[in-house]
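Read-outs: derived from the displayed coordinates by stated rules, not from any lab. Since the model is a prediction, treat every value here as computed from it, not as a measurement. Here the Cβ positions follow ideal geometry from the backbone for every residue, glycine too, while neighbour counts run over all protein chains shown.
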Amino acid sequence: MIEKKLIVKNLAGLHLRPAGELCQKALAYDSKITLRFRNREFNAKSVLSLLSACVQQDDEVVLACSGIDEKEAAEALAAYIESV
């Protein structure tokens, strides 16, 4: 399992567009991919799950990837979260 602590930079946080794009990117990997925020775990392959996290700008989240392609998934998704 690979975990990365990230700070959300987007002014609106993980609203619909970035959550949808993150979900689409996560679906490309076979690994289990979750986002932890405020002691809760959210499925990164579900837009509704990501939206229910209510992540705002400057919030710290933990991206966790576990599975056969966890390294590639963690790098790509962390880069996306930090760039939007």
Using θ = phi - 60° and the Karplus form 6.51 cos²θ - 1.76 cosθ + 1.60, what ³J(HN,Hα) does each residue of the range 67-84 get, whole Hz, x for Gly and Pro? x, 5, 10, 4, 5, 4, 4, 4, 5, 5, 6, 5, 4, 5, 4, 6, 9, 8
Across Lys32, Lys45, Lys71, the residue with the highest GNM fluctuation in the chain (Cα network, 10 Å cutoff) is Lys71
Once phi for every residue in the range 33-46 is put through the Karplus expression 6.51 cos²θ - 1.76 cosθ + 1.60 (θ = phi - 60°), the whole-Hz ³J(HN,Hα) values, with Gly and Pro written as x, are 10, 10, 10, 9, 8, 6, 6, 10, 10, 10, 6, 6, 9, 10
Find out how many positive minus negative residues lie around Val84, taking Lys and Arg as positive, Asp and Glu as negative, among other residues whose Cβ is under 12 Å from that of Val84. +1
Provide Ile33, Ile68 in ascending order of the number of other Cβ atoms located within 10 Å of each residue's Cβ, fewest first. Ile68, Ile33
Skipping prolines and chain starts, which residues have an amide H placed within reach, meaning under 5 Å, of the one on Gly13, given they are 5 or more residues away or on another chain? Gln57
